[in-house]
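Notes follow once the structure below has been shown.
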Amino acid sequence: MEFKWLVRDELSQLKDIDRKEFVGEVYYVRNQMLHLVKEHYDIEGWLESELTIYVQRLESLFDRDGIIIGAYEENVLVGLVSLESYLIDGKTMKLDMLYISHDYRAKGLGRRLIDIISQEATELGGKELYISATPVRNTVDFYLRLGAELANPPDIYLFELEPLDIHLILPI
């Protein structure tokens, strides 16, 4: 596995990450607690409109001096993590994205990318990562296993951007 800090013209490689996933349970926050609900979704991959928005989001982050790191296997992007370049409140940095290709999940790649981006955040003065996670059980459970906890309260601005996400804080 090769890890590489991406440049702007490489960001469209996000399309190479295989997003497929069968979702059987999702989390909701009620009374400042996580509640698991059975819901079924079959995510087959990127919607073209969604991919365009996410690549534009990465380009904007890159232009603001954000950090974008890719994990490559045989020159194919199989994982990506990104970090905003500023502190939210003097100690918290926003983890912008984390995507791992289907066949590389549950093999330590996500943890490795979080370790790398946490080091970058620490060098910029960060003490914790703010994570706005899709409410899918596998995603939220991954962050909880790393030591994340519910953001209480969530950042008002970030919550308004993604009110259905699970907002977490991960000490680094």
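The values are calculated or read from the model by the stated rules, or taken from the named source; none is laboratory data. Keep in mind that this is a model prediction, so the values were computed, not measured. Reconstructed Cβ throughout: ideal geometry from the backbone, glycine too, with neighbour counts over all protein chains shown. Only protein heavy atoms, including side chains, enter the accessible area calculation; ligands, DNA and RNA are left aside. Shrake-Rupley method; radii C 1.70, N 1.55, O 1.52, S 1.80 Å.
Given points 7 Å out from each Cα along the Cα-Cβ axis, report the Leu34 to Asn152 separation in nanometres with one decimal.
Going from the Leu34 label point to the Asn152 one covers 1.3 nm.
To the nearest 20 debye, what charge dipole does segment 1-65 have about its Cα centre, counting +1 at the Cβ of each Lys and Arg and -1 at the Cβ of each Asp and Glu?
Working: 9 positive and 15 negative charges, 65 e Å.
Around 320 debye, computed over segment 1-65.
Work from the charge dipole of the chain (Cβ charges, +1 for Lys and Arg, -1 for Asp and Glu, about the Cα centre) and give the residue of His102, Tyr27, Tyr157 farthest towards its positive end.
Tyr27
Could you tell me what percent of the DSSP beta bridges with both partners in segment 49-164 are antiparallel, to the nearest 5? If you can, show how the numbers build up before the last one.
On the way: 13 of 17 bridges.
Here the antiparallel bridges make up roughly 75 percent for segment 49-164.
Given axes a ≥ b ≥ c from the Cα gyration tensor, I'd like to know whether segment 100-141 is rounded (a/c under 1.5), prolate (a/b larger than b/c) or oblate.
Numbers: a/c = 3.42, a/b = 1.55, b/c = 2.21.
Oblate, because a/c is 1.5 or more while a/b does not exceed b/c.
Using the Kyte-Doolittle scale, find the helices of the chain whose mean hydropathy is at least -0.5 and whose Cα atoms extend 15 Å or more along the helix's long axis, counting only whole DSSP H runs.
Details: long enough: 48-63 (22 Å, -0.17); 109-123 (21 Å, -0.13).
Qualifying helices, which must be both long enough and hydrophobic enough, are 48-63, 109-123.
Which pairs break 26 Å Cα to Cα here: Lys4/Lys127; Lys4/Lys38; Lys15/Lys94; Lys20/Lys107; Lys4/Lys107?
Working: Lys4/Lys127 23 Å; Lys4/Lys38 37 Å; Lys15/Lys94 22 Å; Lys20/Lys107 16 Å; Lys4/Lys107 19 Å.
Too far apart for the 26 Å limit: Lys4/Lys38.
Let me check against my output: what whole-number percent is the relative contact order of the chain, with C-alpha pairs under 8 Å and at least 6 apart? Each step should come with its number before you reach the end.
On the way: 308 pairs, mean separation 37.3, N = 172.
With pairs under 8 Å counted, the relative contact order is 22 percent.
From the phi angles alone, apply the Karplus equation (6.51, -1.76, 1.60; θ = phi - 60°) to segment 157-172 and give each ³J(HN,Hα) in whole Hz, x where the residue is Gly or Pro.
Couplings: 5, 5, 5, 5, 5, 9, x, 8, 6, 9, 9, 10, 10, 10, x, 10 Hz.
Could you give the size of the charge dipole of the chain about its Cα centre, using +1 on the Cβ of each K and R and -1 on the Cβ of each D and E, expressed in debye and rounded to the nearest 20?
Numbers: 18 positive and 31 negative charges, 107 e Å.
Result for the chain is approximately 520 debye, rounded to the nearest 20.
Mind running the shape call on segment 2-140? Use the C-alpha gyration tensor, a ≥ b ≥ c as the square roots of the eigenvalues: rounded below 1.5 for a/c, prolate if a/b tops b/c, oblate otherwise.
Judged from the Cα gyration tensor, segment 2-140 comes out oblate (a/c at least 1.5, b/c at or above a/b).
Give me the percent of accessible area attributable to carbon and sulfur for the chain, probe 1.4 angstrom. Please list the in-between numbers first.
Working: 4890 of 9570 Å².
Carbon and sulfur: 51 percent of the exposed surface of the chain.
From zero outward in steps of 10 Å, how is the percent of C-alpha pairs of segment 85-172 spread across the bins?
Using 10 Å bins, I get a P(r) of 17, 52, 29, 2 for segment 85-172.
For segment 42-108, what does the alpha-carbon gyration tensor say about shape, rounded, prolate or oblate, given a ≥ b ≥ c as the root eigenvalues, a/c under 1.5 as rounded, and a/b over b/c as prolate? Numbers along the way, then the final one.
Values: a/c = 1.93, a/b = 1.48, b/c = 1.30.
Prolate is the answer for segment 42-108, as a/c is 1.5 or above and a/b outweighs b/c.
For the peptides 64-75, 39-50, what is the packing order when you average, over each peptide's residues, the other Cβ atoms within 10 Å and list the highest mean first? Walk me through the numbers before you get to the answer.
Numbers: 64-75: 16.1, 39-50: 11.5.
By packing density, highest mean first, the sequence is 64-75, 39-50.
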